[in-house]
Amino acid sequence: MIEMTDIRKSFGSNHVLRGLNLSIPKGTSMVIIGGSGTGKSIALKCILGLIKQDSGTITVDGTDASKGDRDAFLARFGMLFQGGALFDSLPVWQNVAFRLLRGSLKRPHDEARAIAIEKLRRVGLKEDVADRFPAELSGGMQKRVGLARAIAAEPEIIFFDEPTTGLDPIMSGVINELIREIVVEMGATAMTITHDMTSVRAIADNIAMLHEGVIQWTGPVSEMDQSGNPYLEQFIQGKAEGPIEAVR
Amino acid sequence: MKPLALLGRAVLAALAMIGRIALFAFDAVSHILRPPFYGREFLSALMNIGWLSLPVVGLTAVFTGGALALQIYAGGSRFNAEAVVPQIVAVGMVRELGPVLVGLMIAARVTSSIAAEIATMKVTEQIDALVTLSTHPMKYLTVPRVLAAVLVVPLLVGVGDIIGIFGGYAVATGTLGFNPAAYIRNTVNFLEPLDVISSLTKGAVFGFAAALMGCYHGMNSGRGAMGVGRATKTAVEGAAILILAANFVLTGVFFTL
C-alpha cells in the first residue's frame with residue numbers, strides 16, 4: 001500500500017502540489033490523469049525520492065519512504081520513463097540487466113544476460129536486439145526495452161510515466177496490453193501517469209484525477225464515466241468548456 | 001543604488017556558485033574513498049580522457065614547441081642570446097606551456113564532452129533512471145571521470161612536454177642550425193627535478209578541475225537543448241578559468257616560496 005498524505009510541493013511561486021492525498025492498495029493498478037503541468041510526474045518522483053516534497057508524508061507498506069535503507073527501498077521499485085531513459089552508452093541487454101550487473105542484486109554476467117534476454121522476449125523483442133544500442137531502436141522498441149528494464153529485477157511496485165506518449169495507436173495498444181499482462185502476472189502494485197484515455201481503460205483498476213495540485217476525484221475505473229465530477233467529465237470528454245481552463 | 005544592487009547580486013551569485021562547486025568537489029572526493037567502485041566506467045573514462053586525447057595534445061605541443069624555438073631565437077638574437085633556445089624551450093614547455101596548454105585542450109575536449117553527455121543524460125531522465133536503479137549518479141558518473149582525469153592528465157602533460165621539446169628540437173636543428181647532440185645535452189642538463197614535479201602536479205590539478213567542472217555543470221544543467229548548450233559552455237569557461245587560476249597559484253607555490 002502506498003499512502004500519500006497532504007503532499008505539498010512548490011517551485012518558487014508555482015505551487016504544483018497543494019495537499020495531495022492518495023492511497024494505492026497493494027496489488028492494484030492506479031492511473032493518475034490530469035492536464036499537462038498539473039504535477040503528476042512530480043507526485044511520482046516524490047514517492048521515489050527523486051524530488052523532495054516541501055511537506056506531507058509518503059509511506060510504503062506503513063514505512064516512511066524518506067527513512068531507512070534507500071537501496072533496499074529502491075530495489076522494490078521498477079520504473080518506465082516517458083522517453084525510455086535508456087543509457088545510450090550501453091547495449092540493450094546491459095540496460096535491461098543494469099540492476100543485475102551491480103549493487104545488492106548483482107548476478108553473474110551470463111545469468112544477468114540470460115535474464116535480460118528472457119525479459120526482452122517477454123516484451124516481444126527478439127534476442128538479436130540484445131546487442132544493439134538504444135539509438136538503433138525505434139520509439140516503440142525503446143519503450144519495450146524500458147519496460148523490460150522496469151521488470152528485470154521483478155519489483156513489487158512499478159511506475160509507468162506516460163507509457164504511450166509518442167507512439168502510434170497500434171503500438172500504444174501493444175504497450176497497454178503488455179503493461180496490464182505484466183502487472184497481473186507479477187501481482188505488482190502499479191502507478192501510471194497518462195493523458196491517454198485508451199491507456200486508462202486498458203491499464204487501470206482505479207483512477208485519480210489531479211488538478212490544481214489536489215486529487216479532484218478517485219475511484220474504480222468502472223465508475224469513471226458516471227462520476228458526476230465536472231473535472232473528470234471534462235477531461236474524459238476532452239471538452240474546451242468546463243472548470244479546467246483551456247488556454248487557447 | 002541600482003548599479004550597486006546589481007553588482008552585489010552578481011557577487012553573491014558568484015560566491016554561491018563557488019560554494020556549490022566546492023561542496024560538489026568535497027562530495028566527489030568523499031565518494032572516491034567509499035565503495036562501490038565502477039571499474040568499467042573508470043576504464044572507459046581513462047580511455048576517453050587519456051588515450052583519445054593524445055593526438056590533440058601531441059599536435060598542440062609539437063607546434064607550440066616549434067613556435068617557441070623560433071620566438072626565442074628571434075628574440076634572443078636582439079641581445080646575442082640565440083644559444084639559449086634549448087634551455088628556454090625546455091623550461092618553458094615543462095614548467096608552463098606544457099601543463100597549461102594540455103589543461104586547456106583537456107578543458108576544450110574533455111570538459112565539454114563530459115558536460116554535454118551528463119547534461120543530456122539529465123534532460124532525458126537517465127540520471128533519474130540511475131537513481132531508481134539504486135545507482136548513485138555521483139559514484140557512477142562523477143567519480144570515474146574525476147579519478148581518471150587526475151591520474152591520466154599528468155601523463156598527458158608529460159607526453160606533451162616531451163613532444164613540445166621535440167618540436168623545438170626539430171625546428172632548432174632543422175632550420176636554425178643547432179647541433180642535435182648539443183641541443184639534447186643542453187635540454188637534459190638544464191631541467192631540474194622540480195620542473196618535472198611541478199609540471200605533473202599541475203597536470204593532476206588541471207585534470208581534477210576539468211573533469212569536475214564538466215560533471216558539475218552537466219549535473220546542474222537546465223532543460224532542453226538550450227540547457228545542454230549552456231551547461232557545456234559554462235563548464236568549458238569555468239574549467240579554463242580554474243586551470244589558469246590554479247596555474248598561477250601553483251607556479252607561485254613551486255617557484256617563489
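The values are calculated or read from the model by the stated rules, or taken from the named source; none is laboratory data. Bear in mind the structure is a predicted one, so any value in this text is a computation, not a measurement. FYI the Cβ positions are ideal-geometry reconstructions off the backbone, even for glycines, and counts take in every protein chain you see. All accessible areas refer to the heavy atoms of the entire protein, side chains included, with ligands and DNA or RNA removed. Shrake-Rupley method; radii C 1.70, N 1.55, O 1.52, S 1.80 Å.
Among B:M138, B:M226, B:M17, the largest mean-square fluctuation in a Gaussian network model of chain B (Cα springs under 10 Å) belongs to B:M17. Between B:A108 and A:E241, the FRET efficiency estimated from the beta carbon spacing at R0 = 45 angstrom works out to 0.20. Rounded to the nearest 20 debye, the dipole size of the stretch B:38-252 about its Cα centre is 240 debye, using +1 on the Cβ of Lys and Arg and -1 on the Cβ of Asp and Glu. What a 1.4 Å probe finds exposed on the stretch A:86-183 is 52% carbon and sulfur by accessible area, rounded to a whole percent.
Within the stretch A:215-248, the GluC sites (Glu not before Pro) that combine a DSSP coil assignment with at most 14 other C-beta atoms in a 10 angstrom radius are A:E241, A:E245.
For the stretch B:115-161, a/c is not less than 1.5, where a ≥ b ≥ c are the root eigenvalues of the C-alpha gyration tensor, and a/b does not top b/c. That puts it in the oblate class. Counting Cβ atoms of other protein chains within 10 Å of each residue's Cβ and taking the mean over peptide A:49-56 gives 1. The amide H of A:A204, built 1.01 Å from its N in the peptide plane, has no neighbour under 5 Å, considering only residues 5 or more places off or on other chains.
You can think of it this way: the chain between A:R201 and A:D64 has 46.2 nm of extra reach, that is 0.36 nm per residue less the Cα-Cα gap.
Could you report the buried accessible area between A and B, both sides summed, computed with a 1.4 Å probe and given in Å² to the nearest 100? Between A and B, the summed buried area is about 1600 Å². Calculated accessible area for the protein assembly as shown comes out at 46 Å² per residue, all protein chains present (probe 1.4 Å; ligands, DNA, RNA ignored). For the peptide A:63-71, the mean number of other protein chain Cβ atoms found within 10 angstrom of a residue's Cβ is 1. Scanning residues 5 or more positions from A:T192 or on other chains, those with amide H under 5 Å from its amide H are A:M30, A:V31, A:I32, A:F160, with H placed 1.01 Å from N in the peptide plane. Projecting the Cα atoms of B:T175, B:V249, B:V131 onto the charge dipole of chain B (Cβ charges, centred on the Cα centre) puts B:V131 farthest toward the positive pole. Taking the DSSP beta bridges in chain A as the whole, what percent of them are antiparallel, to the nearest 5? If I count the DSSP bridges inside chain A, around 55 percent turn out antiparallel.
Annotation for the stretch A:96-172 versus the stretch B:184-241: alpha-carbon center distance of 37 Å.
For chain A, the alpha carbon positions stretch 55, 42, 33 Å along the principal axes, listed from largest to smallest.
Can you give me the angle between helix B:39-49 and the longest principal axis of chain B, using Cα atoms only, in degrees from 0 to 90, rounded to the nearest 10? Relative to chain B, helix B:39-49 is tipped by roughly 50 degrees.
Between amide H atoms placed 1.01 Å from N, distances below 5 Å from A:G219 occur with A:I207, all of them 5 or more places distant or on a separate chain. Label-point separation (nm) for B:A225 and A:S23, each offset 7 Å from Cα along Cα-to-Cβ? Modelled inter-label distance: 4.8 nm. The spacing between the stretch A:44-93 and the stretch A:206-248, judged by their C-alpha centroids, is 27 Å. If the Kirkwood radius is taken over C-alpha pairs of the protein assembly as shown, then at 10 °C and 1.306 mPa s the Stokes-Einstein diffusion coefficient equals 61 µm²/s. With a 10 Å cut-off around each Cβ of B:130-143, the average count of Cβ atoms from other chains is 5.
For B:Y169, the solvent-accessible surface computed with a 1.4 Å probe is close to 60 Å², ligands and nucleic acids excluded. The trypsin sites (Lys or Arg not before Pro) of the stretch B:164-257 meeting both criteria, a DSSP state outside H, G, I, E and B (loop) and at most 10 other C-beta atoms within 10 angstrom of the site's C-beta, are B:R223.
These residues, B:F63, A:F81, go from largest to smallest accessible area, 1.4 Å probe, as B:F63, A:F81.
Overall, the anisotropy analysis places the stretch A:1-90 in the rounded class: the square-rooted eigenvalues a ≥ b ≥ c of its C-alpha gyration tensor yield a/c less than 1.5. With a Förster radius of 22 Å applied to the C-beta separation of A:K126 and A:V184, the computed FRET efficiency comes to 0.35.
With every protein chain in place and a 1.4 angstrom probe, the accessible-area ranking of A:H211, A:H195, largest first, reads A:H195, A:H211. Placing dummy labels 7 Å off each Cα toward the beta-carbon, the span from B:I18 to A:E156 is 4.9 nm. Here the 3J(HN,Hα) profile of the stretch B:121-134, calculated from phi with Karplus coefficients 6.51, -1.76 and 1.60 at θ = phi - 60°, is 4, 5, 6, 9, 6, 5, 6, 4, 4, 4, 4, 5, 9, 6 Hz, Gly and Pro shown as x. Going from the chain on its own to the full set of protein chains, the stretch B:85-126 has these residues losing 40 Å² or more of accessible surface (heavy atoms, 1.4 Å probe, no ligands, DNA or RNA): B:E125, B:Q126. With θ taken as phi - 60° and the Karplus curve 6.51 cos²θ - 1.76 cosθ + 1.60 applied, the whole-hertz 3J(HN,Hα) list for the stretch A:69-86 is 6, 5, 4, 5, 5, 5, 5, 7, 10, x, 9, 9, 7, 3, x, x, 6, 7 Hz, x standing for glycine and proline. Calculated FRET efficiency, B:L194 to B:R9, Cβ-Cβ distance, R0 = 60 Å: about 0.85 to the nearest 0.05.
First compute the accessible area of the stretch B:1-154 with a 1.4 Å probe, then give the percent of it belonging to carbon and sulfur atoms. On the stretch B:1-154, the fraction of accessible area on carbon and sulfur atoms equals 74 percent. State whether the stretch B:38-252 is rounded, prolate or oblate according to the following rule on the C-alpha gyration tensor (a ≥ b ≥ c being the square roots of its eigenvalues): a/c under 1.5 gives rounded; otherwise a/b larger than b/c gives prolate, and the remaining case gives oblate. Cα axes put the stretch B:38-252 in the prolate bin. For the stretch A:127-143, putting each phi into the Karplus relation 6.51 cos²θ - 1.76 cosθ + 1.60 with θ = phi - 60° gives couplings of 4, 5, 6, 3, 9, 7, 9, x, 5, 8, 9, 6, x, x, 5, 4, 4 Hz, in residue order, rounded to whole numbers and with x for Gly and Pro. Magnitude of the Cβ-charge dipole of the protein assembly as shown, K/R +1 and D/E -1, about the Cα centre, nearest 20 debye? Roughly 1100 debye, rounded to the nearest 20.
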